[in-house]
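Coordinate-derived values only; no laboratory data. These numbers come from a predicted model, not from an experiment. Every residue, glycine among them, receives a Cβ derived from its backbone with ideal geometry; neighbour counts consider all protein chains shown.
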Amino acid sequence: MAQALPTTAPGRLTTALERIPAPVWVIAFLLLLMPAFANNFVLYQIFGWSFILGMIALSLMVLAGYGGMVSLAQMTVAALAGYVVAILGTSGVPQISLGWPWWIHIPLAILIATLFGTLVGALAVRTEGIYTIMITLAIAAAFFYFTRQNYVIFNGYTGFNNVIPPALFGVEWRQPVPFYYLTLGCATLSYLAVVWMARTPFGLALQGVRDNPRRMGALGFHVTAHRIFAYTFASVIAAVGGILLVWQSAQVVPGTAGIPQVIDILVVAVVGGLRRPIGPFIGALIYAVLSVFSSDILHAFGMSGERFKLVIGLGFLAFVLFSPDGVLGLWEKYKARRAASPDPLLGGGR
Amino acid sequence: MVALTRPATIGADRSAAERLGSVTTGNALELRGVTKLFGALAAISDVTMSVRPGERRAVLGSNGAGKTTLFNCVTGDFLPTSGTIRLFGEDISNFPAHERIRRGLRRTYQISLLFGGMSVADNVYLACLGVSRGRFSLLRPRPSDPIIGRADELIEAVHLTRVRDTLVSSLSYGQQRQLEIALALAGAPRFILFDEPAAGLSPTERAELIDILTGLPDHIGYIIIEHDMDVALRVAESVTMMHNGRVFKEGTPEEIENDEEVQQLYLGGGHG
């Protein structure tokens with residue numbers, strides 16, 4: 001775990017920037033310059049989608065990685081935010097959509113989804129382990145069937161189409177390049193917020209609750225309240241991700257938060273790694289690439305392209321079996337093995 | 001384990017302890033007919049006990065006598081099946097653990113329940129944070145944060161400054177016991193429950209533990225569970241003997257040491 005308590009006072013910003021490793025700067029510049037060498041499809045369908053999925057999976061990482069709570073309702077929170085944007089804003093269903101301006105419907109969407117996520121947390125934190133998974137899965141399933149059957153508010157099976165972002169500052173945000181930067185900006189802010197949170201009093205206490213709830217109670221912490229607040233924090237990230245997701249596909253339907261999609265978020269988070277905030281984004285990129293290209297590969301082998309989920313499922317199984325810490329775990333194992341192996345020229349560990 | 005010194009933080013927080021004390025009166029801890037059943041098994045049965053403010057009490061008894069269950073009922077880890085528990089006059093029988101801690105109650109654990117994946121500084125910081133405001137803060141602590149200052153004082157008081165940034169899982173057993181005591185002393189403790197603090201320590205470390213316990217400020221009372229009679233009878237001014245979940249005998253250390261029934265039952269007849 002990262003050291004939480006500072007020992008030196010001055011120049012903390014400079015020190016923090018100096019601590020960022022060179023590869024991170026390289027990746028940051030590559031991401032910023034990506035539109036210069038990637039086509040619109042890659043920007044929009046691969047990276048844009050990866051950032052969005054990564055944000056929703058990041059909200060699960062906050063709960064599971066820092067709080068020890070695996071929630072399957074994060075996609076549901078995201079979808080609810082999308083629904084609220086469609087209902088309160090504009091969509092292709094004017095009979096239901098209220099057409100409120102963006103500065104009302106977007107904050108309200110985040111607020112309502114966050115309140116819902118907090119309520120889910122209030123119910124779920126009274127259980128542990130498999131029971132938390134089951135109760136959040138039950139909530140996700142209930143939400144899916146409710147939206148599918150409710151036509152007055154959620155427009156039932158057809159949901160809402162033509163849900164697009166507002167044209168702020170004269171920019172068409174659904175165009176590939178602006179949308180890429182919009183999702184990159186939101187993903188970066190979410191990532192930094194989680195990194196920041198982990199070293200705050202709340203974040204430190206949350207990790208204490210994960211490691212030893214009994215001891216945390218004996219230190220004066222309200223364990224249940226900390227867990228619920230973790231759901232609140234995670235729900236804000238999931239809600240923003242949900243709004244972007246709806247804008248990307250321009251629609252929100254019950255299937256946006258169907259059971260397969262709910263499970264996909266878990267797959268993304270586990271494949272990337274639940275121990276660090278960057279993990280979900282790595283998992284999301286792998287998922288997006290596989291989803292988009294595996295059908296072509298399967299066709300090449302004479303199999304149906306619809307079986308790409310089989311590839312993802314096998315990959316998930318392999319990670320769970322061989323690297324429970326996901327891709328990041330594999331990378332850390334590689335680094336540890338490399339450090340332990342003798343230097344070919346000098347001998348001894350590197 | 002190096003020598004423990006009286007933590008400056010405890011003295012500094014005395015005013016806070018007195019503020020807490022000003023709103024309540026009576027015994028520091030008062031148990032009336034406390035019973036804890038696990039199914040048909042009575043772990044403790046009809047335990048009645050009063051401890052004055054600042055009093056140091058040893059609770060002795062063989063394994064299975066109900067000592068740790070008694071602690072768990074007092075701290076809120078278990079809710080008693082029946083009976084009342086009062087802390088400085090306030091009925092805390094149904095309070096959750098964290099509410100009891102905020103009223104000045106602290107405890108150490110028989111088996112160290114520390115946060116192995118965190119540093120010493122983080123552990124003590126958490127202990128200080130638990131009884132402070134800002135537990136939900138999303139602002140990172142600054143170096144001038146008073147909670148960090150208090151945590152560092154406690155770390156220094158238990159002579160762990162050298163390993164301040166070391167992961168707790170890397171500490172020696174003796175250092176972990178020192179850290180346990182530092183956690184119990186965080187904030188404004190008014191009453192502490194020590195659960196076998198000397199277990200696993202060397203004779204030298206035990207002598208040092210006695211120094212820290214006898215050196216605690218007068219306003220802090222405690223109950224100590226300890227199998228080492230040399231430690232228990234030297235740091236306590238009164239003793240409660242438990243047997244089969246019940247209070248068996250109470251008295252001064254001398255009275256207990258010289259009691260024939262106690263010697264037969266617990267000391268094997270050959271002690272002293």
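As an equivalent ellipsoid, segment A:38-340 spans semi-axes of 29, 26, 19 angstrom, where each value is the square root of five times an eigenvalue of the C-alpha gyration tensor, largest first. For segment A:122-135, 3J(HN,Hα) computed residue by residue from phi via the Karplus equation (6.51, -1.76, 1.60; θ = phi - 60°) reads 4, 7, 6, 5, 7, 10, 9, x, 4, 6, 5, 4, 5, 5 Hz, glycine and proline entered as x.
Residues whose amide H falls under 5 Å from that of B:Glu250, counting only those 5 or more places apart or on a different chain, are B:Met241, with hydrogens built in the peptide plane. For chain A, set up a Gaussian network in which alpha carbons nearer than 10 Å are linked by springs, and say which option among A:Glu18, A:Glu332, A:Glu128 fluctuates the most. For chain A, modelled as a Gaussian network with Cα springs under 10 Å, the answer is A:Glu18. Computed log10 I(q)/I(0) for segment A:169-243 at 0.14, 0.15 Å⁻¹: -0.57, -0.62, from the Debye equation with unit scatterers placed on every C-alpha and solvent omitted. Taken over the C-alpha atoms, segment A:224-350 has Rg and Dmax values of 18.9, 61 angstrom. Cross-link partners of A:Lys309 among lysines, defined as those whose alpha carbon lies under 29 angstrom from its own and excluding same-chain residues fewer than eight positions apart: A:Lys333. Annotation: average projected area of chain B is 14.5 square nanometres, based on the convex hull of Cα atoms across all directions. Pairs of Cα atoms in segment B:26-84 fall into 5 Å distance bins, from 0 up to the last occupied one, in shares of 5, 18, 28, 27, 16, 4, 2, 0 percent.
Only Lys, Arg, Asp and Glu carry charge here, each on its Cβ (+1 for the first two, -1 for the last two); on that basis chain A has a dipole of about 760 debye about its Cα centre. For chain B, the residue among B:Tyr109, B:Leu265, B:Asn63 whose Cα projects farthest onto the positive side of the dipole built from Cβ charges is B:Tyr109. Taking other C-beta atoms within 10 angstrom as a stand-in for reagent exposure, B:Thr252, B:Thr75 fall in the order B:Thr252, B:Thr75, fewest first.
The GNM of chain A, with springs linking C-alpha atoms under 10 angstrom apart, assigns the highest mean-square fluctuation among A:Gly99, A:Gly279, A:Gly302 to A:Gly302.
Overall dimensions of segment A:22-149, expressed as equivalent-ellipsoid semi-axes from the Cα gyration tensor (√(5λ), whole Å, largest first), are 29, 25, 13.
Within straight-line reach of B:Lys67, meaning a Cα separation under 25 Å, sit the following lysines at least 8 residues removed in sequence or on another chain: B:Lys36, B:Lys249.
Regarding segment B:48-204, what's the average projected area of the Cα-atom convex hull, expressed in nm²?
10.7
The per residue volume of the convex hull around the alpha-carbon atoms of the protein assembly as shown is 216 Å³.
With viscosity 1.306 mPa s and temperature 10 °C, the Kirkwood radius over alpha carbon pairs of segment B:135-272 converts through Stokes-Einstein to a diffusion coefficient of 92 µm²/s. Go ahead and set up a Gaussian network model of chain A, Cα springs under 10 Å, then flag whichever of A:Pro176, A:Pro21, A:Pro280 fluctuates most. Result: A:Pro21 has the largest fluctuation of those listed.
Note down the magnitude of the dipole of segment A:250-350 about its Cα centre, charges +1 on Lys and Arg C-beta and -1 on Asp and Glu C-beta and zero elsewhere, to the nearest 20 debye. So the dipole magnitude of segment A:250-350 works out to roughly 380 debye. Proximity of backbone amide H atoms, modeled 1.01 Å from N, is registered between B:Thr166 and B:Val120, B:Ala121 at under 5 Å, excluding neighbours fewer than 5 places apart on the same chain.
3J(HN,Hα) couplings calculated from phi for segment A:221-230 with the Karplus curve 6.51 cos²θ - 1.76 cosθ + 1.60 (θ = phi - 60°) are, in sequence order, 8, 8, 4, 4, 5, 5, 5, 5, 5, 4 Hz; Gly and Pro show x.
Note on segment A:112-216: the C-alpha convex hull projects to 10.0 nm² when averaged across all orientations. Projecting the Cα atoms of A:Ala78, A:Leu298, A:Val252 onto the charge dipole of chain A (Cβ charges, centred on the Cα centre) puts A:Ala78 farthest toward the positive pole. Working note: Karplus 6.51/-1.76/1.60 with θ = phi - 60° gives segment A:79-85 the couplings 5, 4, 4, x, 4, 5, 4 Hz, where Gly and Pro are set to x.
If you put +1 on each Lys and Arg Cβ and -1 on each Asp and Glu Cβ, how big is the dipole of the protein assembly as shown around its Cα centre, in Debye rounded to 20?
Roughly 1660 debye for the protein assembly as shown.
For A:Leu72, the amide hydrogen comes within under 5 Å of the amide hydrogens of A:Thr136, A:Leu137, counting only partners 5 or more places away or on other chains and with H modelled in the peptide plane.
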